[in-house]
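First the structure, in the form of structure tokens, and then the observations on it.
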Amino acid sequence: MKIEQLTWTEPTQWQMLSGSDTVFHPQLVLFFCASRINGLDERYAELRSRYANAEIIGCTTAGEISAEEVLDNSVVATAIEFDDASIHVEYTDVQAMAESYQAGEKLGSALDKTGLRLAMLISDGHIVNGTELVRGIASVLGTNIPITGGLAGDAAHFEKTAVSVNSPLVPGRVAVIGFYGEDLRIGHGSVGGWNAFGQDRRITKSEANVLYEIDGIPALQLYKTLLGDKAKDLPGASLLFPLSIRPEDGSREAITRTVLSINEDDNSMVFAGNMPVGYACRLMIANFDQLVGGASKAANEALNLSELHQHNQRSLGVLVSCVGRKLVLGRRTADEVRAVRDILGTNAALTGFYSYGEICPHGELLNCELHNQTMTVTTITEER
């Protein structure tokens, strides 16, 4: 397995990262790019010219991860050449959130499950309901195949996102990459690091990912009350105060949900994933050290699950972290990427992006979920 990595910025143009291997026939190129820079079609064309026979998959972001750096206004690209493993790519286009479950079903049905070791989703993050997308693909693939990935970002604008599948970037697109090979070792981990505060409340009215009432009170009205002076900064302030939700019977672990938009007309809030009626919910707040510690835990989970016999082999680490974490960490954002590096080691080539939602199973359980406000790590190693 060989991995070549490039970065592009306006001042430097394309530059190869130190430590890159030389690839000759890469099967896959992943690229992640800022949503608001000019010339993205040209950047895709340059990648296509360089990697003529590879599957090229990418998306817009809220920040790009390259090695140990977190960049803005850049393009990061990673070309992977497997020795024996293979990939299969499928995509579909979504026009509205109501189509998300069917999109997942379609993508899952398009993958041959024989020998499938990992399904990685790269999805539009603006008009796709991540919960329903994951439910749809999991309904086909079951719980024996890990599903990881993330939802594209648009910095903190929440206006438009796009995905590329062997083409310039397209809004509403959802891609899945199937990884096949007996020698592939897959790891995954997803950890938050946020603290819940205040009392438990209950979701009393919602439709899919639209939250209308908490404890019988209009959701936005209550949220503004809880945020106090920070309510004037909504919806951006909601990234700093996500909601933790869980079934009241404790049948599933708590997960975190981030607000995508608010509706002043009916006091509703649109989240990146479903907000089921009857779930308990609590506000959450960040702790710098716990966020970085969460990234370390996610990397440890991935490393432990990969079942590698030797830990010094070349590997790929795909990191998907939440835009909310980036806003909280600020200048310390790269600390969580370095924390992953410290766990995975120098033979791991790291790439990834800051997202509007992270996709990963819960620990050793392969019940895949859409997460928000987590660092999610997927490791891919071709053991020799």
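Rule-based calculations on the coordinates, nothing more; no lab input. Quick caveat, the model's predicted, so the values are computed rather than measured. Cβ atoms come from the backbone with ideal geometry, glycine included; neighbour counts cover every protein chain shown.
Remarks
- Separation between Cα centres of the range 93-168 and the range 49-69, rounded to whole Å: 18 Å
- Value at 222 nm in deg cm²/dmol, rounded to 500, when DSSP H runs of n ≥ 4 in the chain each add -39,500 (n - 2.57): -6500 deg cm²/dmol
- Cα long-axis angle, helix 100-110 against the chain (0 to 90 degrees, to the nearest 10): 30 degrees
- Most fluctuating residue given options THR131, THR12, THR60, as computed from a GNM of the chain linking Cα atoms under 10 Å: THR12
- C-alpha center-to-center spacing [the range 209-277, the range 290-329] in angstrom: 27 Å
- Average Cα contact separation per residue, the chain, under 8 Å, 6 or more apart, as relative contact order %: 21 percent
- For LYS297, LYS326, LYS232, LYS205, the sequence from fewest to most other C-beta atoms within 10 Å is LYS232, LYS205, LYS297, LYS326.
- Taking the range 203-269 and dividing mean pair separation by its residue count, relative contact order in percent (alpha carbons under 8 Å, at least six apart): 31 percent
- Here LYS232 is the anchor, and the lysines within straight C-alpha reach of less than 17 Å, apart from those fewer than 8 places off in the same chain, are LYS224.
- Rounded, prolate or oblate (a/c below 1.5 giving rounded, otherwise prolate when a/b exceeds b/c) for the range 164-220 by Cα gyration tensor: oblate
- Pairs from LYS230/LYS326; LYS106/LYS326; LYS160/LYS326 whose Cα-Cα separation, in the structure shown, is over 22 Å: LYS106/LYS326
- Most fluctuating residue given options LEU239, LEU227, LEU116, as computed from a GNM of the chain linking Cα atoms under 10 Å: LEU227
- Residues GLU264, GLU4, GLU248 arranged by fewest to most Cβ contacts within 10 Å: GLU264, GLU248, GLU4
- Rounded tilt (10° steps) of 333-344 against the dominant C-alpha axis of the chain: 50 degrees
- Residue exposure proxy: PHE197, PHE158, ordered by other Cβ atoms within 10 angstrom of their Cβ from fewest to most, comes out as PHE197, PHE158.
- Hits among aspartates and glutamates - C-alpha to C-alpha of LYS113 under 15 Å, sequence gap 8 or more where chains match: GLU90, GLU105, GLU182
- Structure remark: mean-square fluctuation, Gaussian network model of the chain, C-alpha springs under 10 Å; the largest value among ALA155, ALA98, ALA62 belongs to ALA98.
- Among (1) 5, 24, 33, 26, 11, 1; (2) 5, 26, 36, 24, 8, 1, 0; (3) 4, 18, 30, 31, 15, 2, 0, the entry that matches P(r) over Cα pairs in 10 Å bins from 0, in percent as calculated here: (2)
- Helix 288-305 vs. the chain, principal-axis angle (Cα, 0 to 90°, nearest 10): 50 degrees
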